[in-house]
Amino acid sequence: MHALMMTEAGVPVAVGLLAKINPLVLSVMGGAAVAHGATAPYDVSFATGRREVRPIEQHIHSFLEVLPLTAMAFAACLHPEAVRDTLRGGRGPDDWKLLPKERPLPARYLAALAATISLGVALPYAEEMKRCLRARRTRRAA
């Protein structure tokens, strides 16, 4: 479930970093925020039935739950013309295409960001997945 939520947060971030902000990108961000907002409470309710979920974990989930919505809000504030176009259904066919940024981010910046995400997000999530699979095998064997 955490991998799903990371995907729901990661896809709109990647699209926002690499693509021109237009109605398609804002719609992807909004859809991902809604999906993430639905998955997060399900994750907590799923875990609550299987183990103790302490208040600090619930608080952390509450904080993480709003991050995709916050990212979309920042993008919307920085690109009000794209918000207007989205609300009007778009001005033309390019509004609903994934287009590269007019001024792409430097490759070194993107590489540093990818390394940070790999070490700070993907690696810990992979370790968590490994522990979950080990726990499942242990439960099944018992």
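Taking the chain as a Gaussian network, Cα atoms linked when under 10 Å apart, which of Leu99, Leu64, Leu119 shows the biggest mean-square fluctuation?
Comparing Leu99, Leu64, Leu119 in a Gaussian network model of the chain, the most mobile one is Leu119.
Less than 19 Å apart at the alpha-carbon level, and either on another chain or at least 8 residues along: which aspartates and glutamates does that give for Lys130?
Asp43
Carbon and sulfur together cover what percent of the accessible area of segment 52-137 at a 1.4 Å probe radius?
Carbon and sulfur atoms account for 66 percent of the accessible area of segment 52-137.
Rounded, prolate or oblate for segment 1-85? Axes are the square roots of the Cα gyration tensor eigenvalues, ordered a ≥ b ≥ c, and the cut-off for rounded is a/c under 1.5.
Since a/c reaches 1.5 and a/b is larger than b/c, the shape of segment 1-85 is classed as prolate.
Give me the accessible area per residue for the chain, probe 1.4 Å, as a whole number in Å². Please list the in-between numbers first.
Details: 9960 Å² over 142 residues.
Per-residue value: 70 Å².
Go ahead and estimate [θ] at 222 nm for the chain from helices alone: -39,500 (n - 2.57) per DSSP H run with n ≥ 4, summed, over the residue count, rounded to 500.
Details: 7 runs with 104 residues, N = 142.
My calculation for the chain gives -24000 deg cm²/dmol from helical runs alone.
Hey, which aspartates and glutamates would be in cross-link range of Lys101, C-alpha to C-alpha under 18 Å, not counting anything within fewer than 8 residues on its own chain?
Partners found: Glu81, Asp85.
Of the listed values (i) 8.7; (ii) 11.7; (iii) 10.5, grab the one calculated as mean projected area of the Cα convex hull in nm² from the structure here.
Label of the calculated value: (iii).
Using a Gaussian network model of the chain whose springs link C-alpha atoms within less than 10 Å, name the residue from Arg51, Arg88, Arg103 with the highest mean-square fluctuation.
With Cα springs under 10 Å in the chain, the top fluctuation among Arg51, Arg88, Arg103 is at Arg51.
The values are calculated or read from the model by the stated rules, or taken from the named source; none is laboratory data. Model, not experiment: these values are computed from the prediction. When the accessible area is computed, the model is the full protein with side chains, heavy atoms only, and any ligands, DNA or RNA have been set aside. Shrake-Rupley method; radii C 1.70, N 1.55, O 1.52, S 1.80 Å.
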